Amino acid sequence: MADQYAQSGEDKQPAGIPAIRWDEPPEGPVVVLLDQTRLPSEEVELVCTDASALVEAIRSLAVRGAPLLGIAGAYGVALAAARGFDVDEAALALAGARPTAVNLSVGVRRAQEAHQASLARGESPEQAAQAALAAARTLHREDAEASARMAEHGLRLLEELLPGGGHRILTHCNTGALVSGGEGTALAVALAAHRAGQLRRLWVDETRPLLQGARLTAWEAARHGMAYSLLTDNAAGSLFAAGEVDAVLIGADRIAADGSVANKVGSYPLAVLARYHHVPFIVVAPVTTVDLGTPDGASIEVEQRPGYEVTEISAPQAPVAGAGGGIPVAPLGAQAYNPAFDVTPPELVTAIVTEAGVASPVTAKSLAELCGRPVGERLG
């Protein structure tokens with residue numbers, strides 16, 4: 001069960017309301033989310049009292065972004081344990097809520113295994129629930145630390161590839177604090193460049209059909225005082241042609257063993273444009289996003305989203321009339337193709353930046369060495 005209550009966004013530090021937190025009110029433990037479907041018009045928290053509410057929040061994109069989904073999955077298992085629900089059943093539902101983002105199942109598995117190990121030691125259900133919560137909190141802390149290291153590695157890479165500063169960076173979707181326990185992945189690198197006085201302009205793809213760039217990345221960039229401009233996705237080519245892009249920085253939802261990168265749909269065309277115009281195309285993601293058990297891009301399951309996300313525009317607080325709750329922009333009954341992600345082959349990726357370092361060139365060997373695991377091993 002989930003409840004919502006609004007929070008004022010005035011006079012807040014750039015971090016604002018945390019994207020996710022564990023709380024223990026008198027009524028019992030809950031997982032509290034910043035509802036990303038309501039941004040930027042309002043900062044509203046969504047309170048989940050059970051795993052099923054968290055599953056719905058994940059599917060509706062109230063909580064999103066690969067690293068944050070891992071944290072949410074782990075907290076969801078801890079929530080089920082703390083409230084006395086079937087932990088394995090909750091874990092199964094959470095892990096399957098979105099199929100492409102590997103971090104979700106990794107986070108679920110970490111908390112579930114901690115819970116199982118506690119019970120195997122003969123500890124009480126209450127102690128097992130605490131073990132699951134400790135695992136979730138550890139993952140949360142590790143992700144924040146990973147974010148900081150990715151920002152350092154990414155900034156150093158930009159300095160090597162583009163000496164002199166004044167970077168004009170193009171990004172896609174949202175990869176900041178809203179997807180992470182820290183300051184994010186790709187946007188954390190851009191933020192580090194901004195703080196170092198090296199960011200001239202952040203180009204923000206609006207990111208159709210759900211506008212995570214317009215609603216979320218622009219919101220984060222404005223709060224940090226970054227110089228940014230918003231553009232429609234299909235305007236990116238004109239920017240490249242005009243020589244206005246120095247580097248592309250994106251995140252990832254799953255990276256296969258060969259270095260193929262699944263990210264928000266629209267990423268692959270940017271990689272093609274970047275290669276043609278000799279612009280670095282850089283992927284920033286924690287090692288929990290690397291799945292060496294998925295051999296190549298063709299093996300990545302790409303989530304298909306509802307057609308109404310294309311045939312309607314979602315506008316918080318606006319009058320609605322469509323089947324999906326949005327404003328219709330296509331004829332009634334129009335069929336829509338709506339993959340949530342596309343896959344960029346490794347030969348189009350200049351580098352993959354993780355908290356463990358940088359893989360470049362991107363190959364199965366360099367990626368496995370970076371992660372410190374044999375090829376074919378699945379994270380978790």
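Readers should treat all values here as calculations from the given coordinates under stated rules, not as data from a laboratory. Just so it is clear, the model here is predicted, and its values are computed rather than measured. As a convention, Cβ positions derive from the backbone with ideal geometry for all residues, glycine included, and neighbour counts pool all protein chains shown.
Below, the figures for the structure above:
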quantity	calculated
Anisotropy class of the stretch 105-256 from Cα gyration tensor, a/c 1.5 cut	prolate
Which of VAL77, GLY65, PRO18, positive extreme of dipole for the chain (C-beta unit charges)	GLY65
Linear extension gain, ALA336 paired with GLN116, 0.36 nm per residue minus alpha-carbon span	74.9 nm
Viscosity 1.567 mPa s, 4 °C: Kirkwood-radius Stokes-Einstein D of the chain over Cα pairs, µm²/s	62
Spread of Cα-to-Cα distances over 5 Å intervals beginning at zero, given as percent, for the stretch 148-371	1, 7, 15, 18, 20, 16, 11, 6, 3, 1, 0
Extension reserve of the HIS277-GLU159 stretch, reckoned as 0.36 nm per residue once the Cα distance is removed	40.5 nm
Cα gyration tensor category, rounded, prolate or oblate, for the stretch 204-328 with a/c compared to 1.5	oblate
Relative packing of peptides 84-92, 230-238 - highest average C-beta neighbours within 10 Å first	84-92, 230-238
Prolate/oblate/rounded label for the stretch 209-272 (Cα gyration tensor, a/c 1.5)	oblate
Burial order of peptide ranges 113-121, 149-157 (average beta-carbon count within 10 Å, highest first)	149-157, 113-121
Inter-site label distance for GLU27 and GLU145 at 7 Å from Cα along Cβ, in nm	3.5
Lys, Arg +1 and Asp, Glu -1 on Cβ, resulting dipole of the chain about Cα centre, debye, nearest 20	680
Sites GLU301 and GLU123 - FRET efficiency at Förster radius 35 Å, r taken between beta-carbons, to 0.05	0.45
Highest-first arrangement of 330-342, 65-77, where packing means the average Cβ count within 10 Å	65-77, 330-342
Computed [θ] at 222 nm, helices only, for the chain once each DSSP H run of length n ≥ 4 contributes -39500 (n - 2.57)	-11000 deg cm²/dmol
Cut-off 12 Å between beta-carbons: net charge of the residues surrounding ALA271, Lys and Arg +1, Asp and Glu -1	-1
